[in-house]
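Notes follow once the structure below has been shown.
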Amino acid sequence: MPTITRRVLLNDVDAAGVVFYARIMAIAHECYEEAMAGSGLGLDALIRAGRIGLPLVHADADFSHPLRHGDQVACSVCCETIGTKSFTIRVDLTVLGAEPRAAATVRQIHACVDMDRLQSMPLPADLRAKLTALAPVA
């Protein structure tokens, strides 16, 4: 399971100094993009090719500890489920330090879409293989 480490920046936090929902989702998506690129499937190349799209069709987050400006955060990314035409990415965010603390879990469901017809389509074998490489270790 790839882990991306990043620092919480000033533009990630609200007036209370805590990362807010929209930024948690953006951070999780950034980490998903990095994990996909690390598995050999850069989303930028996929988008430029125009063959398929992977739009986000559902997202949710569970919060257990605040993330604050300056925190170092480990974002562990895995492909939790792979369906016929969609997949679920889970990103676990942990505040690093002397006593690491789980901060949030984000789940994002992406559909596979034929961009010419704008209809869902089965996941291509090459994409399925890259996603399988992101499956959690049992």
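The values are calculated or read from the model by the stated rules, or taken from the named source; none is laboratory data. All values derive from a computational prediction rather than experimental measurement. Reconstructed Cβ throughout: ideal geometry from the backbone, glycine too, with neighbour counts over all protein chains shown.
Evaluated against (1) closer than 20 Å to residue 2 by Cα; (2) at pLDDT 95 or above; (3) not charged (D, E, K, R), residue 40 falls short on exactly one condition, (2). Apart from one condition, residue 86 fits all of (1) over 13 Å from the mean Cα position of the chain (by Cα); (2) within 20 Å of residue 9 (Cα to Cα); the exception is (2). Within region 106-122, the set of residues being over 15 Å from residue 35 (Cβ atoms) and either out of contact with any strand residue (DSSP E or B) (no Cβ under 7 Å at 6 or more places or on another chain) or not in a loop (DSSP other than H, G, I, E, B) (or both) comprises 109, 111, 113, 114, 116, 117, 118, 119, 120, 122.
Regarding region 77-85, can at least one residue be identified that is surrounded by 15 or more Cβ atoms within 10 Å (Cβ to Cβ) and more than 15 Å from residue 131 (Cβ to Cβ)? So far as region 77-85 goes, no, none of its residues is surrounded by 15 or more Cβ atoms within 10 Å (Cβ to Cβ) and more than 15 Å from residue 131 (Cβ to Cβ). Test residue 127 against the stated conditions and say whether it is more than 18 Å from residue 20 (Cβ to Cβ), of a type in the set (A, V, I, L, M), part of a helix (DSSP H, G or I) and touching a Leu at 6+ places or on another chain (Cβ under 7 Å). Judged against the criteria, residue 127 is a match. Can you find even one residue in region 54-67 that is more than 30 Å from residue 119 (Cβ to Cβ), at pLDDT 95 or above and of a type in the set (A, V, I, L, M)? Yes, because at least one residue in region 54-67 is more than 30 Å from residue 119 (Cβ to Cβ), at pLDDT 95 or above and of a type in the set (A, V, I, L, M). Considering region 94-105, and only residues there that are among the small types (Gly, Ala, Ser) and either in a loop (DSSP other than H, G, I, E, B) or surrounded by fewer than 16 Cβ atoms within 10 Å (Cβ to Cβ) (or both), the residue that is nearest to the chain's Cα centre (by Cα) turns out to be 102.
Taking the criterion of being surrounded by 17 or more Cβ atoms within 10 Å (Cβ to Cβ) and among the small types (Gly, Ala, Ser), the residues of region 5-38 that qualify are 28, 35. Listed by position, the strands (runs of 3 or more DSSP E) enclosed by region 1-93 that each have at least 3 residues that are in contact (Cβ under 8 Å) with a residue 60 or more places away in the chain are 3-7, 72-82.
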